[in-house]
Each structure stands twice: as structure tokens, then as C-alpha cells.
Amino acid sequence: MRVEGSPLRISVIVPTYNERENLEELFDRISRALDGYDYEIIIVDDDSPDGTWEFAQRLGERYPVRVIRRTREKGLSSAVIRGFKEASGDVFVVMDADLQHPPEVIPELLKAIEDGADVAIASRYVPRGGVRNWYWYRKLISKGAIMIGRLALPKIRDVKDPVSGFFALKRQVVEGVNLNPVGFKILMEILIKGKYKRVAEVPFTFGLRKAGESKLGTKTMLNYLRHVYRLMRWEGELDRLLKFTLVGLSGVFVNEGFLWLFVSGFGWDKILANVPATELAILNNFTWNDLWTFRDLKKKPLWRRLLTFHIAALTGAVVQWLIYAGLVYLGLYYLIANLIGIVVSFVVRFLVNRHVTWG
């Protein structure tokens with residue numbers, strides 16, 4: 001229980017759409033969880049046909065609730081951003097109304113904030129965290145989405161659950177920050193654009209929906225991928241990928257040019273000549289990537305970056321060959337199989353270099 005007289009005021013922001021059946025239990029559990037805190041509950045409702053906003057207003061006679069009814073705007077992220085603007089608290093807590101986010105976890109999030117975290121995430125994927133009664137494909141989609149986000153956006157690679165919808169943060173993390181209202185996962189947007197130093201993750205079990213319908217679908221997943229793409233552009237990761245591609249193309253010319261010189265000019269054996277030509281191409285690519293593509297990320301010693309770059313090149317070559325051999329074995333035309341292998345190899349080399357060589 002929180003000691004009375006704390007200077008911190010808590011704003012619990014709950015975006016809603018057709019969540020009328022869950023509100024009374026939600027408010028009661030929040031009230032008990034935050035006993036001793038100075039808090040408010042902000043409902044941002046997208047004009048629910050079931051009258052969620054109206055019922056929330058009636059419950060405001062018993063609980064510290066403010067209701068914002070939106071008749072023109074729609075969407076979870078824009079609702080959360082509207083809640084940030086309306087909130088009077090020093091700490092914001094964001095959660096869903098469907099009771100899959102247990103209010104009893106809120107004090108643990110607040111403790112993490114009080115212990116020095118700027119952002120505290122209720123995480124399903126840290127020890128003692130989990131999900132309840134999910135089908136295997138739902139777990140696969142969730143973990144796949146997280147893997148994509150962490151690979152595409154290195155800033156969040158150490159966060160186990162960057163797509164959680166249940167989290168707390170200090171007001172200054174988002175104050176003055178231009179958040180995208182059409183973003184799909186608002187926490188991911190905050191982790192990329194927000195002003196913070198420390199993130200903490202608190203374990204929780206993602207529960208069963210009490211009432212209403214799940215909003216997961218194909219459109220939701222496509223929106224997530226579009227959101228990751230937008231954040232990559234904002235972070236400059238797409239520019240980095242383009243530079244890596246151009247450097248790779250220059251390496252092709254270096255490889256071909258020296259191979260021709262060694263064979264036609266010096267009369268070397270065609271097989272053996274490929275070895276120094278390949279090494280010179282690798283050194284060319286490393287030099288330009290070190291000076292241009294990843295020039296802001298040179299934290300490791302030069303020798304280690306060079307060694308890891310060679311390992312990435314070897315890893316990419318092995319991946320390319322395995323994919324090529326496997327697809328040919330399955331009957332795919334060899335040139336198409338080789339092209340697919342090259343593309344996958346390129347992605348692997350970029351990710352290894354982005355996260356390891358210059359990570």
C-alpha cells in the first residue's frame with residue numbers, strides 16, 4: 001500500500017471501445033490497487049455503440065474518473081496520446097479495459113518508476129511473466145512481431161516486450177515529443193522517440209478477456225509492419241540500410257575488377273585468384289561501412305570490428321549456399337534459388353553487422 005501524502009499524482013489512461021461490461025470491475029480493482037495514491041482514471045472512448053462512455057460517466061460518481069468521448073477520431077494510439085494531453089499526473093499508466101491487464105500490477109510498475117526507471121513495462125516475456133490459454137499461433141505471431149521490431153529497431157533490442165499495451169512512464173518521457181497518432185503500438189513509438197534513460201520490465205501474466213472481442217487480425221498485423229517501417233525511417237535505419245546496399249554494390253565491382261586483373265593481367269589461376277579478390281572486396285566494404293554507413297556506431301576496437309565483419313561475410317555466404325542448395329533440391333529453378341539466397345544473405349549480413357560489428 002502506498003503511504004498517504006505522496007507528491008506523485010498518477011493518471012491511469014484507458015482507451016476504450018465497447019468495453020461497458022468490464023468498466024465496473026476495472027474501476028473497482030484499480031481503486032483497490034491504488035489505495036493510498038493520488039490518482040485519476042481517464043477514459044478515452046471512441047463513441048462506443050454500447051455506451052461505454054456514458055456508463056463510465058455514471059461510475060464517475062463513485063470513482064475519480066474523467067471521460068473523453070471522441071466522435072471524430074478513432075484508434076488506440078491516438079486515444080492514448082489524447083489521454084497524455086488531458087492527464088494531470090506526474091506518472092502516466094496506460095492499460096486496456098478488457099481486464100487482460102490486471103490492475104494489481106500497477107503498484108509494481110509505480111515502484112519501478114520510484115526506483116529510478118523512466119519507463120516501466122508490464123512484460124509477458126521476462127521471468128515469471130507469461131500468457132494464459134493462448135493458441136500456439138497467437139504466441140508465434142506475438143513473438144514474431146517482437147523479433148521483427150527488435151531486429152529492425154536496435155534501440156529497443158534489449159526490451160523483451162516492446163509491444164506491451166500495459167506500461168507506466170514519467171510525464172517528461174513524452175512531454176514535447178511528437179508521437180504519431182496512427183502508430184499501431186504506442187509503446188514502441190515511445191521507446192523510439194521518448195526522452196528516457198532507463199527502462200524496467202515487470203513480469204505479469206496476460207489474462208483472459210472478460211468480455212468483448214479481441215481486435216487481433218490481418219489488418220492489425222499489417223498496421224504493425226507499417227508502423228515498424230515508419231519508425232525505421234524516423235530512426236534513420238532505412239538510410240543506413242540503403243548505404244549498406246550501395247557499399248555492397250561497390251564491393252561487387254571491386255571483386256570483379258580485381259578478379260579480372262589477377263587472371264587476365266597477372267595470369268593467376270582462376271580458382272585461386274578469387275580468394276584475394278574476395279578479400280579485397282570485403283576490405284572495401286568494411287572501410288566504407290566503417291567510414292560512412294556506421295560511422296556513428298564505432299564503439300568497439302578496429303580489429304574487433306574487422307574480425308566480426310569477416311564473420312558476418314562468412315555467415316552470409318553459408319546462409320546463401322544453404323538456401324540455394326535447399327531450394328534447388330526442392331525443384332526451384334537454380335537462378336531464382338540463387339537470387340533468394342543472395343537476398344536472405346544480404347539481410348543476415350546487415351543484421352549481424354548492425355547488431356554485432358557496430359552494435
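The values are calculated or read from the model by the stated rules, or taken from the named source; none is laboratory data. Note that this is a predicted model, so its numbers are computed, not measured. For neighbour counting, all protein chains shown are included, and Cβ atoms are generated from backbone atoms with ideal geometry for every residue, glycine included. Each accessible area value is taken on the protein alone, full model and side chains, heavy atoms only, with ligands, DNA and RNA left out. Shrake-Rupley method; radii C 1.70, N 1.55, O 1.52, S 1.80 Å.
Measure nothing fancy, just the Cα-based angle from helix 334-352's long axis to the longest principal axis of the chain, in degrees from 0 to 90, nearest 10. Long axis of 334-352 versus the principal axis of the chain: about 60 degrees. When you restrict to C-alpha pairs under 8 Å that are six or more residues apart and normalise by the size of the range 278-359, the relative contact order lands at 38 percent.
With both labels modelled 7 Å from their Cα along Cα-to-Cβ, the E86 to K197 distance reads 3.4 nm. Rounded to 0.05, the FRET efficiency of the L8 and R58 pair, given R0 = 35 Å and the Cβ-Cβ distance, is 0.75. Taking the C-alpha atoms only, the angle from helix 20-33 to the longest principal axis of the chain is near 90 degrees.
Once you keep just the Cα pairs under 8 angstrom separated by 6 or more residues, what percentage relative contact order results for the chain?
Numbers: 548 pairs, mean separation 51.0, N = 359.
Relative contact order here is 14 percent.
Here the 3J(HN,Hα) profile of the range 77-88, calculated from phi with Karplus coefficients 6.51, -1.76 and 1.60 at θ = phi - 60°, is 5, 5, 5, 5, 4, 4, x, 4, 5, 8, 5, 9 Hz, Gly and Pro shown as x. The C-alpha atoms of the chain define a longest principal axis, and helix 302-329 lies at about 90 degrees to it.
Roughly how many debye, to the nearest 20, is the charge dipole of the chain about its Cα centre, given +1 on each Lys and Arg Cβ, -1 on each Asp and Glu Cβ, and no other charges? Could the numbers behind the result be given before it?
Working: 50 positive and 39 negative charges, 183 e Å.
It comes to approximately 880 debye.
Spatially, the range 244-294 and the range 147-175 are offset by 39 Å when compared through their Cα centroids.
I'd like the FRET efficiency for R295 and R32, computed as 1/(1 + (r/R0)^6) with the beta carbon distance as r and R0 of 35 Å, rounded to 0.05. Could the numbers behind the result be given before it?
Working: r = 53 Å, r/R0 = 1.53.
The formula returns an efficiency of 0.05 here.
At a 1.4 Å probe radius, which order do R72, R354 fall into by accessible area, largest first? Can you show the working numbers first?
On the way: R72 225, R354 25 Å².
Descending order: R72, R354.
When the C-alpha to C-alpha distance is required to be over 24 Å, the pairs from K111/K197; K155/K298; K143/K243 that qualify are K143/K243. Could you work out how much longer the chain between F253 and L339 gets when fully extended? Use 0.36 nm per residue separation minus the Cα distance between them, nm to one decimal. In short, 29.2 nm is gained. Think of the range 210-359 as having a plus end and a minus end, set by charges on the Cβ of Lys, Arg, Asp and Glu; of W234, L297, L322, W234 sits farthest toward the positive end of this dipole. The slack in the chain from L307 to L140, taken as 0.36 nm per residue of separation less the alpha-carbon distance, amounts to 56.7 nm. Length gained on full extension, E175 to E114: 20.1 nm, using 0.36 nm per residue less the C-alpha separation.
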